[in-house]
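Below: the structure, in structure tokens.
The values are calculated or read from the model by the stated rules, or taken from the named source; none is laboratory data. Please read these numbers as outputs of a predicted model, since none were measured by experiment. When we count neighbours, we look across all protein chains shown, and the Cβ atoms used for this are built from the backbone with ideal geometry, even at glycine.
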Amino acid sequence: ISTSEDITPYGQSDLVFDYLCALIEVEQPQSVLLVSHLPLVGYLTSEFITDMAPPMFPTSGLVCIEFDPQSRKSELLWHIHP
């Protein structure tokens, strides 16, 4: 488990995206679970899924994204609205 002071509700999604890409490149995890709040979570999702417009999250919404760190391409696998 690691935390970042940048991952706050009003953090800058582009900086968090760059941080996550660097973390993934160095640590090479099998998976990452990121917990955040609105509005950052919506904007951050749109950093990964470029054709998805933020904000698109209801409270307690979840997404699963498959991310290729080499190409920085992503695919939305699922999006759950409670």
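Quick look at the numbers
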read-out: Checking residue 60 against (1) in contact (Cβ under 8 Å) with a residue 12 or more places away in the chain; (2) of a type in the set (S, T, N, Q); (3) surrounded by 10 or more Cβ atoms within 10 Å (Cβ to Cβ), the condition it does not meet; value: (3)
read-out: Neighbours by Cβ (under 6 Å, 6+ apart or cross-chain): first from segment 1-16, part of a helix (DSSP H, G or I); second surrounded by 14 or more Cβ atoms within 10 Å (Cβ to Cβ); value: 13/43; 13/44; 13/47; 15/6; 16/6; 16/7; 16/44
read-out: Flag for residue 22 being surrounded by fewer than 15 Cβ atoms within 10 Å (Cβ to Cβ), without any contact (Cβ under 8 Å) to a residue 40 or more places away in the chain and touching a helix residue (DSSP H, G or I) at 6+ places or on another chain (Cβ under 8 Å); value: no
read-out: Segment 44-76, subset assigned to a loop (DSSP other than H, G, I, E, B) and among the charged types (D, E, K, R), residue nearest to residue 33 (Cα to Cα); value: 72
read-out: Filter result for residue 23 (of a type in the set (A, V, I, L, M, F, W, C), part of a loop (DSSP other than H, G, I, E, B) and either at pLDDT below 95 or within 21 Å of residue 77 (Cα to Cα) (or both)); value: no
read-out: Residue in segment 40-55 that is free of Cβ contacts under 8 Å to residues at least 12 places away in the same chain, closer than 22 Å to residue 2 by Cα and loosely packed, with under 11 Cβ neighbours inside 10 Å present; value: no
